[in-house]
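Since the structure comes first, as structure tokens, the remarks are kept for the end.
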Amino acid sequence: MRILLVVVYYLPSTMSSAKLIHDLAVEFHRQGHQPAVIAPDESIGSDYEISIEDNIEVVRVRSGKIKSAPRVLRAFNEARLSDILWKKCRQYLADRKFDLIVYYSPTIFFGSFVDRARSFYGCRSYLILRDIFPRWALDAGVLKDGLIYRYFCRKEMEQYRAADVIGVESTKNLRYFRENDRLKNFRSEVLYNWTTLDEVNVPISNYRQKLGLEGKLVFFYGGNIGVAQDMDNILRLAESLRSNTNAFFLLIGEGSEAARLKETISDKDLSNIRILGAVDQDEYLAILSEFDIGLISLDRKLRTHNFPGKMLGYMYNSMPILASINPENDLKEILEQNRAGLVSINGDDDIFRSNAMRLLRDRALREEMGSNARTLLKNQFSVENAARQILSNFQN
């Protein structure tokens, strides 16, 4: 089967979606299919560039800034993605034939492109839905119920209508679809996040030494630093542990909140937390392998539920997980039932701190939960299972 994968971020980006789609494309190829990836890229000079990477044809299409852009500019550039991809890749698309389109959300703006490509090829499509936007932005107070919100809702529905099947990432998100009058008629299923279980040759990194963190227990966060993550939650934890000389918080990534958080850290003179910019995927994996506890934070006002992609890297490296999340998120039950981490509800700062202290003080608990996290990854979040599940919808 010839499969076109469409995503906003692809390697060498450290966004979790970049590795998810890379691993999925490689697995499709391993299973005997012919995948290709299309992704926007603000750094290239020509309309598009084609390369072969890990046996995958990768098409990078010149676009405006997205991740590093201010919120309004980012929204404008994302809203143009379908038109940009269709216009600049028209010849590439015309020279090829695809049997299936797999597209990833966020963003909500691939719907028009996928619909046109699906009609052009007479093929079917699968939406990997990791972010129920704009609902989460309304819940978090980023958007108000007005013209802009309703515009985003129209684009959201456009991306759903372009899909033959929608894969949501948790049972509660599936329930959200099936109990919502606008969404219940879409064909949907739970598709968990995934990662490869192959051992990779990770380059040696010396960040612990470079940052002067020898002898410290490092709480590590890698990924988007945005509103939905409520990173002030982690800053409050770091501030509450500033007298504990054994604990350090290292955050790596970029996003709309990064600059403000750095300023807050400076204003409060917090010496036990540091934010570093995004790095390429190989360096990220090397850094990740050095540290001790994986951090997850989600805004408590979110009513939709997700399993952050960063969790997969933590589990791969046998790291126990310390999470502070929104109420009723499936993640709490999964981590606790498998004894892979300690979970609190965002806003319960005393419990968040108490859980952090338990991991700080108990090496045996860290090792047990880290081992359990790796086992959970193998049993429930393998890329082989994800690829077979997606394809099972289209092979009858």
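Summing +1 for each Lys or Arg and -1 for each Asp or Glu among the other residues whose beta-carbon sits under 12 angstrom from that of SER105 gives -3.
Legend: distances between Cα atoms for LYS155/LYS378; LYS210/LYS332; LYS65/LYS378; LYS332/LYS378; LYS97/LYS184; pairs beyond 30 Å are LYS155/LYS378; LYS210/LYS332; LYS65/LYS378; LYS97/LYS184.
If I take every Cα pair under 8 Å that is 6 or more residues apart in the chain, average their sequence separation and divide by the length, what percent do I get for the relative contact order? After rounding, I find 15 percent. Name the residue, out of ASN246, ASN193, ASN326, whose mean-square fluctuation peaks in a Gaussian network model built on the chain with Cα pairs under 10 Å. Looking only at ASN246, ASN193, ASN326, the largest GNM fluctuation is found for ASN246. With a/c under 1.5 counting as rounded, go ahead and sort the stretch 225-323 into rounded, prolate or oblate using the C-alpha gyration tensor (a ≥ b ≥ c being the square roots of the eigenvalues; past the cut-off, prolate if a/b is larger than b/c, else oblate). Verdict is rounded for the stretch 225-323. Excluding PHE291 itself, what net charge comes from residues whose Cβ is under 13 Å from its Cβ, given Lys and Arg +1 and Asp and Glu -1? Here the count lands on +3.
Taking amide hydrogens as placed 1.01 Å from N in the peptide plane, the amide H of SER188 sits under 5 Å from those of ILE166, each at least 5 positions away in sequence or on another chain. Taking other Cβ atoms within 10 Å as a rough exposure proxy, VAL26, VAL72 sort from fewest to most as VAL72, VAL26. All other residues whose Cβ lies under 15 angstrom from that of THR304 are scored, Lys and Arg at +1 and Asp and Glu at -1, for a net of +1.
Of SER354, SER43, the sequence from fewest to most neighbouring Cβ atoms within 10 angstrom is SER43, SER354. A straight line joining the Cα centroids of the stretch 97-118 and the stretch 294-359 runs 32 Å. At the listed q of 0.16, 0.18, 0.20 Å⁻¹, the Debye profile of the stretch 207-380, built from one uniform point per Cα, gives log10 I(q)/I(0) equal to -0.92, -1.22, -1.57. What is the stretch 101-260 by shape, rounded, prolate or oblate, if you read a ≥ b ≥ c off the alpha carbon gyration tensor as root eigenvalues and call it rounded for a/c under 1.5, prolate for a/b larger than b/c, and oblate otherwise? Verdict is prolate for the stretch 101-260.
Quick check: from the Cα gyration tensor, does the chain come out rounded (a/c under 1.5), prolate or oblate? It is prolate, given that a/c is not under 1.5 and a/b is the larger ratio. Using DSSP, restrict attention to beta bridges with both residues in the chain and report what percent are antiparallel, rounded to the nearest 5. Around 10 percent antiparallel, to the nearest 5.
Here the contact order of the stretch 207-380, divided by its residue count and restricted to Cα pairs under 8 Å and six or more residues apart, works out to 22 percent. Taking the centroid of alpha carbons for each part, the stretch 133-159 and the stretch 210-281 are 29 Å apart.
Each reported figure results from applying straightforward, stated rules to the coordinates on display, with no laboratory input. Every value quoted in this text rests on a predicted model; they were computed, and no experiment measured them. Every residue, glycine among them, receives a Cβ derived from its backbone with ideal geometry; neighbour counts consider all protein chains shown.
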